[in-house]
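**Student:** Quick one: this structure, given as structure tokens, is what I'll be asking you about.
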Amino acid sequence: MRRAALAVLLASLTSVAWPARAEADFRSCLAGLRSVAAGKGVSGRTFDSVTASLEPDMKVLELMNNQPEFKTPIWDYLAMLVDDERVQDGRAGMQRWSQALANAESRYGVERHVIAGVWGVESNFGKDLGGRPLVQSLATLSCYATRRREYFRDELMATLRIIESGDIDPAKLVGSWAGAFGQTQFMPSTYQRLAVDLDGDGRRDIVDSAPDALGSTANFLRKAGWQQGLPWGFEVRVPAGVAPTGRKGKKPLSSWAAAGVTRADGRALSGSYSAGLIMPAGRDGPGFLVTKNFDALYSYNGAESYGLAISVLSDRLRGGAGVQGSWPTDDPGLTRAERRELMALLLRRGYDVGEPDGRIGQKTRDAIKDVEGRLGMRVTGRPGGKVLHALRRG
């Protein structure tokens, strides 16, 4: 009994001591960052004003290890990001900001549908900017991340310089877990290097000014090597025996044509440029020939699935078709409308999944697992077509 009581006492003392120790560690880390900031031209007054009551957000460490573009099956990723709803919203946004897109295209040589593709994937055309304060996220990552800590520290310093300059209201500096912000989600250092004042009001405001965000994205892509008049690529039919080379293994189109590769609609390849062959779902899925312009899109976020989402969305915004080939799955991905329907059906069954907004969190995944188990399905927790159809049947 005394041992049990002692264990309980020690546990209670630990639970009290740990937050205090963690707070002390964080304050100590901030003190070190203050001296770094001073060396980067950030005043002590600015640093103190934004960190005086700052607490770490440990959730960002979890989010860092669960990035959807690296963990989500490609058919789920594209189903969510390139659906009819996003295409409709994108065309409306392009019409509203047609002059800004025309100006950005003219000034930087990047086709307007591509600029809009980035805008749509990054923030749903300015509707979803993220809600995590940049200073809090980046300070947490600077102190606790197990990898890329120096990178996040540099982004924190860039954020402090933005605040110091007065370019953007500190209250508007909110965004993703990693510190990306604005309508096209620039990292703070990228903002400092490449943001532009397209609307001519004297400020580079990628949060509240769609023209500035669109112009800044066009400038980014131009600096990343975008070539005017060159397509990002296109879907192709790949004969057996032709191996993917990846986006870096580019060959002249004539070489691919000689190997029997054709466009997805069967037309012969033509053009004097080079392209690499990617097959993001393996040999059994669709293939795509991608050019240097795809590389420019890839550089925005460093993931092929991300680059492909922008590319396919840009095609659809200009009236083209989406992916024509079949993905190697019997459980297709869900659009955002279908995800909302899935959550609503779970709510009707009594599961607490929150507002049916289509954003799949852990509560929804746990509910899906329970439904799958009850219906004799393989338990995955994945929001796919099979579980949606099962719920529709009641």
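**Student:** Would you calculate the convex hull of the Cα atoms in the chain and tell me its volume per residue in Å³?
**Tutor:** On the way: hull volume 73.9 nm³, N = 394.
Expressed per residue, the convex hull around the Cα atoms of the chain is 188 Å³.
**Student:** Take the cross-link list 250/386; 71/386; 71/127; 40/223; 292/386 and give me the ones stretching past 28 Å between alpha-carbons. Display every interim value, and only then the final one.
**Tutor:** Numbers: 250/386 38 Å; 71/386 20 Å; 71/127 24 Å; 40/223 25 Å; 292/386 38 Å.
Pairs exceeding the cut-off: 250/386; 292/386.
**Student:** Could you calculate the contour length gain from residue 59 to residue 352, that is, 0.36 nm times the residue separation minus the distance between their Cα atoms, to one decimal place in nm?
**Tutor:** Length difference between fully extended and current span is 103.4 nm.
**Student:** Given H placed on each backbone N at 1.01 Å, which residues far from residue 275 in sequence or on other chains put an amide H within less than 5 Å of it?
**Tutor:** Amide H to amide H, under 5 Å and 5 or more residues apart or across chains, residue 275 pairs with 251, 253.
**Student:** Go through 315-327, 73-85 and give me the packing order, highest mean Cβ count within 10 Å leading.
**Tutor:** On the way: 315-327: 16.1, 73-85: 20.8.
Listed from highest to lowest mean packing, they are 73-85, 315-327.
**Student:** When the helices in the chain are scored as -39500 (n - 2.57) per DSSP H run of 4 or longer and the sum is shared across all residues, what 222 nm value do you end up with, to the nearest 500 deg cm²/dmol? Can you show the working numbers first?
**Tutor:** Numbers: 18 runs with 213 residues, N = 394.
Roughly -16500 deg cm²/dmol at 222 nm, from the helical runs in the chain.
**Student:** What is the sum of charges around residue 294, taking Lys and Arg as +1, Asp and Glu as -1, for the other residues whose C-beta is under 9 Å from the C-beta of residue 294?
**Tutor:** 0
**Student:** Return the whole-Å distance between the Cα centroid of the range 323-382 and the Cα centroid of the range 227-273.
**Tutor:** That distance is 36 Å.
**Student:** Below 10 angstrom from the Cβ of residue 322, what's the summed charge of the other residues (Lys, Arg +1; Asp, Glu -1)?
**Tutor:** Combined, the nearby Lys, Arg, Asp and Glu give -3.
**Student:** Taking amide H positions as placed 1.01 Å from N in the peptide plane, with prolines and chain starts having none, which residues 5 or more places from residue 186, or on another chain, fall under 5 Å of its amide H?
**Tutor:** Residues meeting the amide H criterion: 181.
**Student:** For a Förster distance of 25 Å, can you work out the FRET efficiency between the beta-carbons of residue 95 and residue 321, rounded to the nearest 0.05? Present the calculation step by step, with values, prior to reporting the outcome.
**Tutor:** Details: r = 21 Å, r/R0 = 0.85.
Between residue 95 and residue 321 the formula returns 0.75.
**Student:** Any idea how far apart residue 272 and residue 48 come out in nm if each label point goes 7 Å out from Cα toward Cβ?
**Tutor:** 6.5
Just so you know, all these numbers are worked out from the coordinates, no wet-lab data involved. What you see is a predicted model, and the numbers here were worked out from it, not measured in a lab. No Cβ is skipped: glycine too gets one built from the backbone with ideal geometry, and neighbour counts run over all protein chains shown.
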